[in-house]
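A.B. asks: Encoded as structure tokens, here's the structure I'll be asking about.
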Amino acid sequence: MKSAVRTAVHLLLLVLIGAIIYRYAFSASFHLDDGPSIRDNVVLRRLDPEAIFNYWPTRFFTYLSLAANFHFSALKPFAYHLSNIVLHLFNALVVYFLLRRLLGKGDRGAALIGALIFLSHPLQTQAVTYVIQRTTSLAAGFYLLSILFYLKCFQKKKNNVEHDAKNPTNDNHFYFIFYLLSLLFAVCAMFTKEFTITIPLTLVLVEYLLLRDIPTLRPGRIIRLLPFLIALLVIPAVIRLNSDNPHFNDSGQVEWLREAGLMNETAPGHGESPRLYLLTQSRVFITYLRLLVLPVNQQVDYDYPKIYSLFEPGVVVYLATIISLVIIALYCCKRKNLIVAGFGIWWFIIILLPESSIIPIIDVVVEHRLYLPLFGAVLVFASFYRTLSRLRRARFLLVAAIIFFFSWLTYHRNQVWRNPVTLWEDNVLKAPGRARVHGNLGKAYLDRGRYERAASEFRTLIEIDPTFTSAYNNLAVIYIDHLKDYRIAEKYIAASLALFPDYPAGYVNRGVIHLNNHRLRAAIKNFEKALELDPKNLLAYYNLGACYINLGDLYSREARSLRSVKREEKAREKEAAAHAEYIRAEEFLQRGLSIWPEDPRFYTLLARLYKGRGEMEKADAFFKKARSLKK
């Protein structure tokens, strides 16, 4: 009974501390990829598993959970953050039970300490408070559950946990269920995020490090690992079958896989070559180690130099550190009292491999990649904590200080994540030379109506990287919509189109200038060019609708004027022309709505169109719909 009460107290403590340190995350806004992945993602508008699977097969469960969020709470950030925080708390509880199984039930204190570190470490904030990184925390949850149930199925613990010789039939029944659950969660993980392809390799380590005392013949180990080893093919097979899906090629990975051996300096797509990426990851690995121990100066977007040669300063040190860590892991695995620590080191290395080795990804260093590898560091620390059993007071003070420090950093890091302005102001202070950071801060200022400061950030971005096309576009938007200086706006539009002649936003902006100056035919020409380049450009559809409504209104006014002077035939011609323009307007607005049914602007324009045509009942319905979407 005391044991059950102690466990309940531990679990309650984890939940309570987690809720406190993530207090500010509940009121955080959406950020970065939350826009295209959640706010603007039509696929999430219906709980349609088939459509969600086709959208991104290897992240099916992530987007299914996001679609469930949308179904119950639309686009209210609180519900999404609540789900992420609950998921993180759940993962911390799984870590607690996994540590108890790895360390032994007699070491519940070490299990609690490890789970608290996993919960409170500030590196976890990006995977928790950044909503779309649910893909990382959810995949991690499935991964941890798979390992936990595999251990529950096969682990025979000495001293603390032993197989009950009684009721062998019941035991076999439960072990079979645990095995199936382990396999099920492994497959679920592989349909949540791609790094989980490492599960079979981790289970091989579990077998040969953590279960090696169990008297099992080698064929028996291979047979029980076989379904998991076959599961290694799941992610490559899905990517192969969906190679045209752009989500599998954001950094040119598919082209590289198709042309194995391509080692030029720049890979297809936006990423670096595998060789260059691998060299850079040697330094990234050291940065990750530093962040584990001293998680300060955290950033969303690091200004990280790439390594182009083995002979650059520091590379030998980076590689020597990694090799030393591998040697330490090998040594620990040969010492019975250090096996768990050795397993933790291998865990950290193996889980980083898919995203930090040879497959190029646009962002060479991001903190959310450490969410699950952190469990390996927790295992190492928990093993170290156990060696200090004779220094109870000293180790208590040590872990209390560490957990308080991490919790304090996490609490304050979540304050930074409250909104885009606080997030990117913090990042600009830490990485002032990173062009993209200034662009994100400029966009945050623009959305808050701080136009002069937004323009300043975009100009700084251009000074750092004059080829950043979107910066010219955003400056054009500021000068068109807010500062009302079309001459300067045209200068930025020309600069963007000089860099990228097929840039749809450039033609949209130029069209808006013509529309605002009542040059409707010239505006239409530019919007049609934008649609030719980007058939799903909502702004082009919206503005084409506006142009044709304006033309329809113009012809209607001319018809009334002609009728007032008794020129009936000409008036009818103008009315026919107005009707034709309204039909065109309706066509473009409806096409825009078919792409994005949640945009109130289309309903407002359609309401205005129907009002102009005298269809008042229809106009009222569309005005009402627009008002409901704006709430």
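A.B. asks: So residue 619 clears everything in (1) under 30 Å from residue 500 (Cα atoms); (2) at pLDDT below 90; (3) open to solvent by less than 40 Å² (accessible area, probe 1.4 Å) except one condition, right? Which one?
C.D. replies: Here residue 619 meets the rest and fails (1).
A.B. asks: Continuing with the same structure: Of all residues in the stretch 83-108, how many are under 16 Å from the mean Cα position of the chain (by Cα) and either open to solvent by 20 Å² or more (accessible area, probe 1.4 Å) or closer than 23 Å to residue 630 by Cβ (or both)?
C.D. replies: Applying the first criterion (under 16 Å from the mean Cα position of the chain (by Cα)) to the stretch 83-108 yields 83-85, 87-88.
This time we only want the ones that are either open to solvent by 20 Å² or more (accessible area, probe 1.4 Å) or closer than 23 Å to residue 630 by Cβ (or both), so: 83, 87.
Residues flagged as under 16 Å from the mean Cα position of the chain (by Cα) and either open to solvent by 20 Å² or more (accessible area, probe 1.4 Å) or closer than 23 Å to residue 630 by Cβ (or both) within the stretch 83-108 amount to 2.
A.B. asks: Return yes or no: is residue 364 touching a Leu at 6+ places or on another chain (Cβ under 7 Å) and crowded, with 16+ Cβ neighbours inside 10 Å? Don't jump to the end; show me each part of the working.
C.D. replies: Working: touching a Leu at 6+ places or on another chain (Cβ under 7 Å): no; crowded, with 16+ Cβ neighbours inside 10 Å: yes.
Considered against the rule, which asks whether it is touching a Leu at 6+ places or on another chain (Cβ under 7 Å) and crowded, with 16+ Cβ neighbours inside 10 Å, residue 364 comes out as no.
A.B. asks: Within the stretch 26-45, how many residues are among the aliphatic types (A, V, I, L, M) and exposed (fewer than 15 other Cβ atoms within 10 Å of the Cβ)? Before the answer, list the steps.
C.D. replies: Narrowing the stretch 26-45 to residues among the aliphatic types (A, V, I, L, M): 28, 32, 38, 42-44.
Pick out the ones that are also exposed (fewer than 15 other Cβ atoms within 10 Å of the Cβ) and you get 42.
Here the count works out to 1.
A.B. asks: Of the numbered conditions (1) assigned to a helix (DSSP H, G or I); (2) over 23 Å from residue 34 (Cβ atoms), residue 457 satisfies every one except a single condition; which is it?
C.D. replies: So residue 457 meets the others, but not (2).
A.B. asks: Next up: Out of curiosity, is residue 588 open to solvent by 10 Å² or more (accessible area, probe 1.4 Å), in contact with a Gly (Cβ under 6 Å, 6 or more places away or on another chain) and either part of a helix (DSSP H, G or I) or not polar (S, T, N, Q) (or both)? Walk me through how you get there before you give the answer.
C.D. replies: On the way: open to solvent by 10 Å² or more (accessible area, probe 1.4 Å): yes; in contact with a Gly (Cβ under 6 Å, 6 or more places away or on another chain): yes; either part of a helix (DSSP H, G or I) or not polar (S, T, N, Q) (or both): yes.
When the stated conditions are applied, residue 588 passes them.
A.B. asks: For residue 290, are the conditions met, namely being part of a helix (DSSP H, G or I), of a type in the set (D, E, K, R), modelled with pLDDT of 90 or more and surrounded by fewer than 16 Cβ atoms within 10 Å (Cβ to Cβ)?
C.D. replies: Working: part of a helix (DSSP H, G or I): yes; of a type in the set (D, E, K, R): yes; modelled with pLDDT of 90 or more: yes; surrounded by fewer than 16 Cβ atoms within 10 Å (Cβ to Cβ): yes.
When the stated conditions are applied, residue 290 passes them.
A.B. asks: For residue 413, only one of the following conditions fails: (1) in a helix (DSSP H, G or I); (2) over 21 Å from the mean Cα position of the chain (by Cα); (3) within 30 Å of residue 341 (Cβ to Cβ). What is its number?
C.D. replies: (2)
A.B. asks: Do you know which residues across the stretch 297-320 are part of a helix (DSSP H, G or I) and surrounded by 15 or more Cβ atoms within 10 Å (Cβ to Cβ)? So that I can check it myself, show each step before the final result.
C.D. replies: If we filter the stretch 297-320 for residues that are part of a helix (DSSP H, G or I), which is where we start, we get 315-320.
Passing the criteria: 315, 318, 319.
A.B. asks: Give the residues of the stretch 389-410 that are exposed (fewer than 14 other Cβ atoms within 10 Å of the Cβ) and among the aliphatic types (A, V, I, L, M), sorted by residue number.
C.D. replies: If the condition is that a residue be exposed (fewer than 14 other Cβ atoms within 10 Å of the Cβ) and among the aliphatic types (A, V, I, L, M), then 391, 394, 397, 400, 401 are the ones that fit.
Okay, residues lined up against (1) open to solvent by 50 Å² or more (accessible area, probe 1.4 Å); (2) closer than 24 Å to residue 606 by Cα:
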site	(1), (2)
498	yes, no
502	yes, no
515	no, yes
529	yes, yes
536	yes, yes
544	no, yes
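A.B. asks: Under the condition of being open to solvent by 60 Å² or more (accessible area, probe 1.4 Å) and small (Gly, Ala, Ser), which residue from the stretch 555-567 is modelled with the lowest pLDDT?
C.D. replies: From the stretch 555-567, those open to solvent by 60 Å² or more (accessible area, probe 1.4 Å) are 557-558, 560-561, 563-567; that's our starting set.
If we keep only those that are small (Gly, Ala, Ser) as well, we get 561, 564.
Values: 561: 87, 564: 79.
The selected residue is 564.
A.B. asks: Another one. Is one or more of the residues making up the stretch 478-486 under 21 Å from residue 431 (Cβ atoms), assigned to a helix (DSSP H, G or I) and open to solvent by less than 50 Å² (accessible area, probe 1.4 Å)?
C.D. replies: Quick first cut of the stretch 478-486, residues under 21 Å from residue 431 (Cβ atoms) only: none.
No, every residue in the stretch 478-486 fails to be under 21 Å from residue 431 (Cβ atoms), assigned to a helix (DSSP H, G or I) and open to solvent by less than 50 Å² (accessible area, probe 1.4 Å).
A.B. asks: Can you go through 552, 506, 545 and tell me which one is over 38 Å from the mean Cα position of the chain (by Cα) and either part of a helix (DSSP H, G or I) or modelled with pLDDT of 95 or more (or both)?
C.D. replies: Selected residue: 552, the only one of 552, 506, 545 that is over 38 Å from the mean Cα position of the chain (by Cα) and either part of a helix (DSSP H, G or I) or modelled with pLDDT of 95 or more (or both).
A.B. asks: Criterion first (of a type in the set (Val, Ile, Thr) and over 23 Å from the mean Cα position of the chain (by Cα)) does residue 380 satisfy it? Can you show your working first?
C.D. replies: On the way: of a type in the set (Val, Ile, Thr): yes; over 23 Å from the mean Cα position of the chain (by Cα): yes.
Taking the combined requirement at face value, the residue satisfies it.
A.B. asks: Pick out the one residue from 109, 104, 35 that is modelled with pLDDT under 95 and at positive phi. Even if it seems obvious, please write down each step before you answer.
C.D. replies: On the way: 109 fails: at positive phi; 35 fails: at positive phi.
When all the criteria are applied, what remains is 104.
A.B. asks: What about residue 6, is it more than 30 Å from residue 239 (Cα to Cα) and out of contact with any Pro (no Cβ under 9 Å at 6 or more places or on another chain)?
C.D. replies: Working: more than 30 Å from residue 239 (Cα to Cα): yes; out of contact with any Pro (no Cβ under 9 Å at 6 or more places or on another chain): yes.
Taking the combined requirement at face value, the residue satisfies it.
A.B. asks: Identify all residues within the stretch 46-57 that are under 23 Å from residue 244 (Cα atoms) and either open to solvent by less than 80 Å² (accessible area, probe 1.4 Å) or among the hydrophobic types (A, V, I, L, M, F, W, C) (or both); write none if there are none. Spell out the reasoning first.
C.D. replies: First pass over the stretch 46-57, keeping only residues under 23 Å from residue 244 (Cα atoms): 48-57.
Matches in the stretch 46-57: 48, 49, 51, 52, 53, 55, 56, 57.
The values are calculated or read from the model by the stated rules, or taken from the named source; none is laboratory data. Small disclaimer: the values here were computed from a predicted structure and weren't measured. Positions of Cβ are generated from backbone atoms using ideal geometry, with glycine treated the same way; all protein chains shown enter the neighbour counts. With ligands, DNA and RNA removed, areas are computed over all heavy atoms of the protein, side chains included. Shrake-Rupley method; radii C 1.70, N 1.55, O 1.52, S 1.80 Å.
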